Amino acid sequence: MSLSSKTQIALFGAGGIGRTHIDRITRSSNLNLAGIADPSDAAKAMAQSLNVPWFANHMDLLDSIQPQGAIVATPNSLHITQAVDCLERGVAALVEKPVADTVAEAQQLVDVQARTGVPVLVGHHRRHNPINRRARKIVQDGTLGRMVSANVMATFFKPDTYFDAAWRRSKGGGPILINLIHEIDMLRFLCGEITTVQALGSNAVRGFEVEDTAAAVLRFANGALGTVVLSDTATAPWCWDFCAAEQDQYPRQNVQSHFIAGTHGSLSLPDLQLWSYRGERSWYAEMTQEKTFVHKDDPYTMQLQHFAAVIAGAEAPLCSALDGLRTLQATLAVSEAASTGNTVQLPGAAA
Ligand SMILES: NC(=O)c1ccc[n+]([C@@H]2O[C@H](COP(=O)([O-])OP(=O)(O)OC[C@H]3O[C@@H](n4cnc5c(N)ncnc54)[C@H](O)[C@@H]3O)[C@@H](O)[C@H]2O)c1
């Protein structure tokens, strides 16, 4: 494929996740890294080593190289400004999660997207994992019957050095917005809209301004209930990042993290084990256990290929700006419920 026929993608922010995107773009046959905007010396050196144009400022990049799409992988507070700058110039945006810091900012992106018609994909990459695509199909085709409950474990230990960056110890930088948001989006993807949130938070172990542990109780629009337990200070293997093995930096653990139960069956993830009764449904009867296999695929690669298809107009965004808003809204509701003790009703959720 010639360089000019490849989809031209720019990157804003060549930090941790930005480098993952660079890796996937440079390994693909149909995408070209058109340029990097990131004021850091490390990003400049990376652009030089890759022989791609470097800019300190995303506006200079947009004005100079007019990419077809841009990945916004900068700190959260920059997402909306930079994404809107893309849309106003007709450049599609893949915006990392959380889509914004606030629902009002996320609404601004939804509005600009609707006005310009330029596509936005929000970077909730787990939606692109074939395991979750299959799980969603199993839920939606009624195999589990009527959904009853969903339980999520997200327990892991972040080393002390992780907290050297001050923003990770301050409001908004904790595991609710950084990590829980992935669980909330996955639950919304698999189980539908969340309507009601209760939660508790604790900073008892690390003692930072932000929580180190949280527990949430959720009600879904379909009537099912859910729980999520989250901790970044727990020596425990039960989290998607370990058992789904999406990223090489985490050693693989052969456990499950997500459990969805319905009236006629239940499903654990990521192993896609399906439990049901062959005959009478009764706790006295033996249960049948079946395993569904899917071909593994890297969700970051799948996400970028989907982004190229969205840019080409061939596919609708699997995670729209509105999805990003609703996932943020539910995640912020966990934060609010944990800090106030109140039950939070989600106004934007579809009934
Ligand atoms: N989807 C995922 O799996 C995933 C994983 C990690 C992080 N993220 C998200 O990606 C974003 C970045 O996180 P990170 O861990 O890579 O952070 P990071 O701090 O490692 O990288 C951020 C980069 O942005 C650059 N930057 C700062 N100001 C800039 C500006 N004005 N213009 C361009 N570049 C600028 C910094 O120099 C840095 O290189 C966050 O929103 C985070 O929530 C997503």
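Under the rule a/c < 1.5 gives rounded, and otherwise a/b versus b/c splits prolate from oblate, where does segment 97-231 land using the Cα gyration tensor? In terms of gyration-tensor shape, oblate. Using the Cα coordinates of segment 98-148, the gyration tensor eigenvalues translate into equivalent-ellipsoid semi-axes of 30, 13, 12 Å, sorted from longest to shortest. Qualifying trypsin sites (Lys or Arg not before Pro) in segment 210-292, where qualification requires a DSSP coil assignment and no more than 14 other C-beta atoms within 10 Å, comprise 252, 278, 281.
For the chain, the share of accessible area belonging to carbon and sulfur comes to 52 percent (1.4 Å probe, ligands and nucleic acids excluded). Helical runs assigned H by DSSP (4 residues or longer) give the chain a calculated mean residue ellipticity at 222 nm of -10000 deg cm²/dmol, each run adding -39500 (n - 2.57) before division by the residue total. Extent along the principal axes, Cα only, for the chain: 69, 47, 41 Å, with the longest axis given first.
Placing unit charges on the Cβ atoms only, positive for Lys and Arg and negative for Asp and Glu, gives the chain a dipole magnitude near 740 debye about its Cα centre.
Cα gyration tensor of segment 247-351, axes a ≥ b ≥ c as square roots of the eigenvalues: rounded (a/c below 1.5), prolate (a/b > b/c) or oblate? Oblate. Across the chain, C-alpha contacts under 8 Å between residues 6 or more apart give a mean separation that, scaled by the residue count, equals a relative contact order of 19 percent. Reported to the nearest whole Å, the Cα centre-to-centre distance from segment 5-53 to segment 276-351 is 29. The residues of segment 3-118 present an accessible area of 42 Å² per residue when probed at 1.4 Å with all protein chains retained.
Taking the longest Cα principal axis of the chain as reference, the axis of helix 321-340 is set at about 60 degrees.
Evaluate 2.2 N^0.38 Å with N set to the residue count of segment 68-176, then give the Cα radius of gyration divided by it. Normalised by 2.2 N^0.38 Å, the Cα Rg of segment 68-176 equals 1.34. Measuring nothing but how far apart in sequence close Cα pairs (under 8 Å, 6+ apart) lie, relative to its length, segment 3-118 scores a relative contact order of 23 percent. The alpha-carbon of residue 171 sits under 13 angstrom from the alpha-carbons of these aspartates and glutamates, leaving out residues fewer than 8 places away in its chain: 101, 209, 211, 212, 336. Partner lysines whose Cα lies under 30 Å from the Cα of residue 296, excluding those fewer than 8 positions away in the same chain, are identified as 6, 97, 137, 158. Rg/Rh, computed from the Cα trace of segment 3-118 with Rh as the Kirkwood radius, has the value 0.96.
Karplus-derived 3J(HN,Hα) values for segment 163-180, using 6.51 cos²θ - 1.76 cosθ + 1.60 with θ = phi - 60°, are 8, 4, 6, 4, 5, 7, 9, 9, 3, x, x, x, x, 5, 7, 7, 10, 4 Hz; glycine and proline are entered as x.
The values are calculated or read from the model by the stated rules, or taken from the named source; none is laboratory data. Values in this document were obtained by computation on a predicted structure and should not be read as measured data. Because the Cβ atoms are built from the backbone with ideal geometry, glycine has one as well, and the counts that use them run over all protein chains shown. Please note that ligands, DNA and RNA were not included when accessible areas were found on the heavy atoms of the full protein model with its side chains. Shrake-Rupley method; radii C 1.70, N 1.55, O 1.52, S 1.80 Å.
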